[in-house]
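The values are calculated or read from the model by the stated rules, or taken from the named source; none is laboratory data. Not measured: the values here are computed from a predicted model. Cβ: placed from backbone, ideal geometry, glycine included. Neighbour counts: every protein chain shown.
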Amino acid sequence: MKKIIAFGGSSSKNSINKQFASYVANLFPNVIIEVLDLNDFEMPVFSVDKEKENGIHSLAHDFYAKIGSADLLVISLAEHNGAYSSAFKNTLDWASRINNKTFQQKPMLLLATSPGARGGSTVLEIATKRFPFQGADVKGSFSLPTFYENFDTVNGIINPELKKDLLKIIDSIEL
């Protein structure tokens, strides 16, 4: 059985992006899903001095190994000031010291959501262009705008057009 690693690119304990990534991963049939919490990979702010002094942080190795165990990555990025959250960026910075191709050529579905009308589309655009340079095989991307109006915890995406668009992307991804 194929394995999906899903996570939200946020350290919020109530991350809507973690919730969204988990929901989307569960739309794939016949898979094993492991949902990561970035809080489990909290490390000091990356610097070459810290790496030189202490080596690559053990949690970076753990995160990198989780990525390597996946047949598909489902990542929903939080947008902080138009870019990745500092928690996600720091985890990525540490893991990239193990291998700059951090995503290890794994197929990836990139997502973003936010309470706003743009749904994290700026960070999604950045990641869609950047992640292939870091070893991601981006198979699709999807932005869910106005999370609290278009999503509920029982039914998931409640806007029929948005749900149809997402399911079309999921159907195009072969596992």
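Numbers for the structure displayed
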{"read-out": "Residue check, THR146 over 30 Å from SER47 (Cα atoms) and modelled with pLDDT of 95 or more", "value": "yes"}
{"read-out": "Residue identified as modelled with pLDDT of 95 or more, more than 14 Å from VAL74 (Cα to Cα), of a type in the set (Lys, Arg) and over 18 Å from the mean Cα position of the chain (by Cα) among LYS129, LYS168", "value": "LYS168"}
{"read-out": "Selection from segment 128-143 of residues that are part of a helix (DSSP H, G or I) and basic (Lys, Arg)", "value": "LYS129, ARG130"}
{"read-out": "Count of residues meeting criterion [polar (S, T, N, Q) and surrounded by 11 or more Cβ atoms within 10 Å (Cβ to Cβ)] in segment 146-166", "value": "3"}
{"read-out": "Residues of segment 25-83 satisfying the condition of being without any contact (Cβ under 8 Å) to a residue 24 or more places away in the chain and on the phi > 0 side of the Ramachandran plot", "value": "GLY55, ASN81"}
{"read-out": "Every residue from segment 46-82 that is closer than 17 Å to LEU109 by Cβ and touching a Pro at 6+ places or on another chain (Cβ under 8 Å)", "value": "ASP71, LEU72, LEU73"}
{"read-out": "Members of segment 153-173 found to be assigned to a helix (DSSP H, G or I) and without any contact (Cβ under 8 Å) to a residue 40 or more places away in the chain, listed by number", "value": "PRO160, GLU161, LEU162, LYS163, LYS164, ASP165, LYS168, ASP171, SER172"}
{"read-out": "Filter result for the condition that a residue is hydroxyl-bearing (Ser, Thr, Tyr) and under 14 Å from the mean Cα position of the chain (by Cα), over SER96, SER86", "value": "SER86"}
{"read-out": "Cβ-Cβ under 8 Å pairs, at least 6 apart or on other chains, segment 115-131 side surrounded by fewer than 16 Cβ atoms within 10 Å (Cβ to Cβ), far side in a helix (DSSP H, G or I)", "value": "PRO115/ILE16; PRO115/PHE147; PRO115/TYR148"}
{"read-out": "3 or more residues out of contact with any Phe, Trp or Tyr (no Cβ under 8 Å at 6 or more places or on another chain) and surrounded by 17 or more Cβ atoms within 10 Å (Cβ to Cβ): qualifying helices (runs of 4 or more DSSP H) within segment 1-109", "value": "16-25, 86-96"}
{"read-out": "Residues satisfying the stated conditions in segment 54-111, i.e. farther than 16 Å from VAL138 by Cα, touching a strand residue (DSSP E or B) at 6+ places or on another chain (Cβ under 9 Å) and among the aromatic types (Phe, Trp, Tyr)", "value": "PHE63, TYR84, PHE88"}
{"read-out": "Pick from segment 87-114, criterion of a type in the set (S, T, N, Q) and in contact (Cβ under 8 Å) with a residue 60 or more places away in the chain, ranking: nearest to LEU166 (Cα to Cα)", "value": "THR113"}
{"read-out": "Test set (1) free of Cβ contacts under 8 Å to residues at least 60 places away in the same chain; (2) under 18 Å from ASN17 (Cβ atoms); (3) over 16 Å from the mean Cα position of the chain (by Cα) - PHE147 fails condition number", "value": "(1)"}
